[in-house]
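Here the structure is laid out as structure tokens; the discussion comes afterwards.
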Amino acid sequence: WIDLTHDFSEESVYWPTAKSFEKTTVFEGHTHAGFYYTAYEFSAAEHGGTHVDAPIHFAENRHTVDEIPLEQLIGPAVVIRVADKVKADRNYQFSTDDILGWEKDHGQIPDNSILLIDTGSDKFWPNRTEYMGTDERGEEAVKKLKFPGIHPDAARFLATERKIKAVGLDTPSIDYGGSTLFESHQILYENNIPGLENVANLAKLPETGAVIFALPMKIKGGSGAPVR
């Protein structure tokens, strides 16, 4: 078994304008009755750490996180590696050519697969500067983001020419760090294809042959949720 989820903690990477993970102690220790008891509270934005984007995040009237069928988040994995290209360009955008190149070696992406894109970014977690271009917070920090993502043309190809269940990658966003329109989000989510972001340990997966279980917290009406 390979765990594809980063630990949730105060070190977890969240979008610069989103509420970070916070864990507080309710009680920790021995009670007056003599038994040991521990309880905590946590709070965080939906979108941070290893999580799923529900399609409604960028597409009106599409699935909320509780509406995503479980079978859409369980399935055979296809892993495409672009780490070498990302080394040369931290804003690299995964392309249709990357898909076709993989298919040249492995055959067409099977229907009902979950596509996972290994950019090699996972090794930088949780160093925000290395992972996403800045450790600053707030609106101004968004302009400094630098990390790879999916090119809109590739997103369109996946949505119209292939039949994938979901797509995921080891970066903070489906779109690259410099995106302002989040076109790949719009294209994929309009087609009810959810996205998995900040995925861990993709380098440990084979390019074919793995089965993925990506089960989110069932937040009613949510636009996203932590996933394990």
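Inside region 31-53, residues that are loosely packed, with under 10 Cβ neighbours inside 10 Å and of a type outside the set (Val, Ile, Thr) make up a count of 7.
Candidates 115, 73: the one that is among the hydrophobic types (A, V, I, L, M, F, W, C), within 18 Å of residue 188 (Cβ to Cβ) and free of Cβ contacts under 8 Å to residues at least 60 places away in the same chain is 115. Checking residue 143 against (1) touching a residue at least 24 places away in the same chain (Cβ under 8 Å); (2) over 18 Å from residue 52 (Cα atoms), which single condition isn't satisfied? The one condition residue 143 does not meet is (1). Only residues that are under 26 Å from residue 124 (Cβ atoms), basic (Lys, Arg) and assigned to a strand (DSSP E or B) were counted across region 142-172, and they come to 0. Among the criteria (1) loosely packed, with under 15 Cβ neighbours inside 10 Å; (2) among the basic types (Lys, Arg); (3) under 17 Å from residue 182 (Cα atoms), the one residue 87 does not fulfil is (3).
Name the single residue, out of those in region 159-192 being of a type in the set (Phe, Trp, Tyr) and over 19 Å from residue 71 (Cβ atoms), that is surrounded by the fewest Cβ atoms within 10 Å (Cβ to Cβ). Selected residue: 182.
Please enumerate the residues belonging to region 14-26 that are of a type outside the set (Lys, Arg) and surrounded by 10 or more Cβ atoms within 10 Å (Cβ to Cβ).
First pass over region 14-26, keeping only residues of a type outside the set (Lys, Arg): 14-18, 20-22, 24-26.
Result: 14, 15, 16, 17, 18, 20, 21, 22, 25.
On the stretch given as region 107-127, residues that are out of contact with any strand residue (DSSP E or B) (no Cβ under 9 Å at 6 or more places or on another chain), charged (D, E, K, R) and surrounded by fewer than 21 Cβ atoms within 10 Å (Cβ to Cβ) total 1. Going by the structure shown, is residue 11 charged (D, E, K, R), surrounded by 11 or more Cβ atoms within 10 Å (Cβ to Cβ), touching a Pro at 6+ places or on another chain (Cβ under 8 Å) and more than 23 Å from residue 112 (Cβ to Cβ)? The answer is yes for residue 11. From the list 199, 142, the lone residue that is modelled with pLDDT of 95 or more and touching a Leu at 6+ places or on another chain (Cβ under 6 Å) is 199.
The values are calculated or read from the model by the stated rules, or taken from the named source; none is laboratory data. Computed from a prediction, not measured in an experiment: that's the story for all the values here. Quick reminder, even Gly has a Cβ in these numbers, built from the backbone with ideal geometry, and neighbours come from all protein chains shown.
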